[in-house]
Amino acid sequence: MDNLNYMPKDYTFPDESIIYKKASGVNLAMNVYYPVNSAGKKPVALCIHGGGWTAVEKENQPIDKWQGSWMKHQASYYAKRGFVGIEITYRSINLEDVDITDIVEDCEDAVRYIRKYISRADVDRMFAIGDSAGGHLALCLAFSNNMEVRPKAVVACNPVTDCVDEKWAYICDDVNIRKKYSPLFNIEKSDVSFLIVHGTKDTVVPYETSVKYVEKMKNIGNDTELLSIEGASHAFILYEYQSKPEDIIGYMQKIDEFIDKKI
């Protein structure tokens, strides 16, 4: 894939905006960014936003009202690198009767939709990249019981791996369900390749949780790397948040080194 010096001003609007599912009275959207002047099937970069499992859109909005997620720059960036870049949203955790089970289901349904309807997407060469709650959801896809939704690789940036922690109790009242969807407690041998990226000064999701997760993954032989971002705080990958654009470029280039080896 081509290497780029990508800046926020280079963001391009999606080629397609699609409602992939309707659930709990809301439209769930995905934006698709295609490589330019490139025919045939291409690998997929599935970009999953965080925000505490709170969706970008909470209401029943038509397609043209969804302005994309906090990961839209990554989806656009990967299209420039030759991937089909796809950003998705999911039901918000603060909707009535919605818990983490529903949100994981939405992400799985998004992959099923891509596999069935996005003809240029080679889902067998898909990697999922997510930030915070999005990193958690990318890891959940990797260990799904449904093999057709599993990515080939995962890049989880400052991911929540221990949902049993009372800090995350709002995603489900039942601690057993939270444990079921805690990557830290559901490690098994996997063919997926993993890159866990975490800032050492993260005060939202402790850096030490990723160190522990990577250690457990390596102990059973999973292809797992830890990329520590010295001095970085939470959500360091997001444009127009805390990181400087030039720093984000550096983070993305380090991630690209992993992706180019695995996809």
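Points to keep in mind about this one:
- Residue satisfying all of: in segment 45-76; outside any loop (DSSP other than H, G, I, E, B) and touching an Asp or Glu at 6+ places or on another chain (Cβ under 7 Å); modelled with the highest pLDDT among these: C47
- Residue in segment 141-164 that is over 27 Å from F236 (Cβ atoms), open to solvent by 70 Å² or more (accessible area, probe 1.4 Å) and not acidic (D, E) present: yes
- Total residues in segment 118-140, condition in a strand (DSSP E or B) and open to solvent by less than 40 Å² (accessible area, probe 1.4 Å): 9
- Matching residues, segment 77-112, being of a type in the set (K, R) and either open to solvent by less than 10 Å² (accessible area, probe 1.4 Å) or assigned to a loop (DSSP other than H, G, I, E, B) (or both): R81, R91
- All of (1) under 17 Å from the mean Cα position of the chain (by Cα); (2) surrounded by fewer than 22 Cβ atoms within 10 Å (Cβ to Cβ); (3) among the β-branched types (V, I, T) hold for V211 with one exception: (1).
- The residue that is nearest to S132 (Cα to Cα), counting only those in segment 206-239 that are among the acidic types (D, E) and not in a strand (DSSP E or B), is E208.
- Scan of segment 214-230 for residues that are under 23 Å from Q242 (Cβ atoms) and either exposed (fewer than 14 other Cβ atoms within 10 Å of the Cβ) or touching a Cys at 6+ places or on another chain (Cβ under 8 Å) (or both), ordered by number: E230
- Qualifying residue in segment 169-180 (condition: under 28 Å from G250 (Cα atoms), modelled with pLDDT of 95 or more and outside any loop (DSSP other than H, G, I, E, B)): no
- Taking each residue of segment 97-111 that is among the small types (G, A, S) and looking for partners that are assigned to a helix (DSSP H, G or I) with beta-carbon atoms closer than 9 Å, six or more apart or interchain, yields A110/V149.
The values are calculated or read from the model by the stated rules, or taken from the named source; none is laboratory data. Predicted model, so just to flag it, every value in this text is computed and none were measured. A quick note on method: Cβ atoms are made from the backbone with ideal geometry, for glycine too, and the neighbour counts reach across all protein chains shown. All accessible areas refer to the heavy atoms of the entire protein, side chains included, with ligands and DNA or RNA removed. Shrake-Rupley method; radii C 1.70, N 1.55, O 1.52, S 1.80 Å.
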